Each structure stands twice: as structure tokens, then as C-alpha cells.
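Asks: A single structure is presented below for examination.
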Amino acid sequence: MIMPFSKTTEEHTEEYWTRHFESFLKPLIEENRNLEAHRSQPLRGDLVRQIITDLVVSPVVVADLTDNNANVFWELGVRQSFKHGTVTIAQTGTRLPFDLAAKGTLFYPDDHLKMADFNRSFRQAMQDCLDHPDRPDSHVLETISGRGTLFELFHRDEAIRRLKALLSEVDENLEVLGKVVETAKKNQKDPAKRVFFAVRLTLAATELLITHRYVEESDSFFEKMEDHYRAILSVNEQLPLWENSPDITEKWLLDYLDKEETRKELQDIKEMVASALNKLSGVF
């Protein structure tokens, strides 16, 4: 329950808000046996962290907007940025700011004899939060999460950066593999002047794609990337052996790398990544 904690008007004193919670809202909320009402505490010191945690994890949050209290609006903003399942209420006559005018708010009357309609709607709203926790009631959360929203834009931009890094990694590995083949061939022609290639192939961007699958591609796309990952690992396992067993290593490297089939597979990987990047870049 987020609501004013101290005096907000001459009529609404600290004692008023305490009674409002203890005698009115808490009993009404706890008519639902699945709920236990807790009142938000004043914002000071280390309590802020606990309040934020409660706002994020609570299945239902009730916000009393009466008197347009700044702390209540701040807490409501935190809640609406992370989760649906929020019921806003206010005393009849409360003028809500423009930002909240479009959100359904339940108004309770001053006269307790007229409270039946509010009580009924309030109970239904809280039960609906429990029954349909993902039903949207936050314009903030709808704007920053889901398809076509800020969250997706951020996700797309991050995916584009990762794919560009992957494309750079593939290009660099292709260049390294070309030098490995070239060096191995020279060594085979003149074993007395053998040199050894110390550079290793990089896999960080490939591994990130395989483990996080941050792009929407087919299963075959990821299967090919996994095959590519294993192939690069195999080459990296051979390169440290080169100097100690040059003939065996060079034969393995040339038999595996110096083939049209292998070159085509590597080029296909590059084209797959480039295609995924182009597809993602043209989404919006």
C-alpha cells in the first residue's frame, strides 16, 4: 500500500492517514485471504531500497493518490516501471495530474454510507490483479517493454552491435585461417625454413550468439553456428601442437582448411551473419 505517511492538509493529518489505513483500507484488502496489506514507510535512509524491492515484487500495489503527494507519485512511478498489477484510488474530488488521467482510478466517497460501490469495485480490481497479473495497467511498462517499444529498440540496437562484432570476428578468423594455410604450404615446400603461426582464432562473439540466441533465427541457423564453433575450436587445438609435431599438424591443417568445401562453409557463415544483421537493421 503506497499512500501519504504524514500530514498533507489540515484535514488529512498523520493520525488521519494512520486511521485511513488501519481502519479502512487494510481490513478491506484483507477480506481477500490471499492478500496481506503492508503500508509503505517514509522515504529516508536505507528504507528506500526496501521500499523499491516491495514495489517491484508485490503481486498487488494499491496507491492512494489523494492530495497529490510527491512520495506517492514517486513510488507509483517506480512500480509502473517494473510491473503491472496496480490499483489507484483517491478521495472523491481529487484532481489527478494529466499523466494519470487516462489510468482508471477508483474514487472513494467521504460518506461511508455511499461506500458500497467503491468497496465492490475495489475488491474486483484487487482480485483481477491476482487472476491476471500480466494484464496491462501501466503506460510506462507498455512503452518500454514488448514489441515495437523502447525495450525492443534497445534490444535490437544491442543485437546489432553484437552481430557487427560477430561479423568482425568471422572476417578476422577467415584472414587468420588464410595465413595459416599459406604458412603451412610454405613449410611443406621448405621444411628447413619452417615458421609457426602463433595467433589463435577468436570465439567470444560466436559463443555469445550460441548461448544467448539474441536474434530470431531458425534452428538450422544456430546448428550451423554451433558446427562453426566446434570447427574453430578444433583448429585452435591443433595450432599449439604445430611446433612440436609440424608434419602431422600441417597435414591436418591443410587436409581440413585447404579445401573448397571448408572455404565455402566459412563463407556461408559470414553470409549468414551478414544476412541476420541486415534483417535486424531493417526491422524499423
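The values are calculated or read from the model by the stated rules, or taken from the named source; none is laboratory data. For clarity, every value in this text was computed on a predicted model and none was experimentally measured. Virtual Cβ from ideal backbone geometry, glycine too; neighbours counted across all protein chains shown.
Asks: What pairs come up if the first residue lies in the range 114-141 and is surrounded by fewer than 14 Cβ atoms within 10 Å (Cβ to Cβ), the second is aliphatic (A, V, I, L, M) and modelled with pLDDT of 90 or more, and their beta carbons are under 7 Å apart, counting only those six or more places apart or on different chains?
Replies: What qualifies is LEU130/VAL60.
Asks: Right, here's the next one. Name the one entry in ARG230, ARG162 that is in contact with a helix residue (DSSP H, G or I) (Cβ under 7 Å, 6 or more places away or on another chain), among the basic types (Lys, Arg) and farther than 30 Å from THR92 by Cβ.
Replies: ARG162
Asks: From ASP54, ASP67, which residue is assigned by TED's automatic domain parsing to the domain that holds ALA125 and either closer than 18 Å to THR105 by Cβ or touching a residue at least 24 places away in the same chain (Cβ under 8 Å) (or both)?
Replies: Criteria check complete, one pass: ASP67.
Asks: Then there is this: For the range 20-121, which strands (runs of 3 or more DSSP E) that fit wholly inside it have 3 or more residues that are touching a helix residue (DSSP H, G or I) at 6+ places or on another chain (Cβ under 8 Å) and under 22 Å from SER6 (Cβ atoms)?
Replies: 61-64, 86-91
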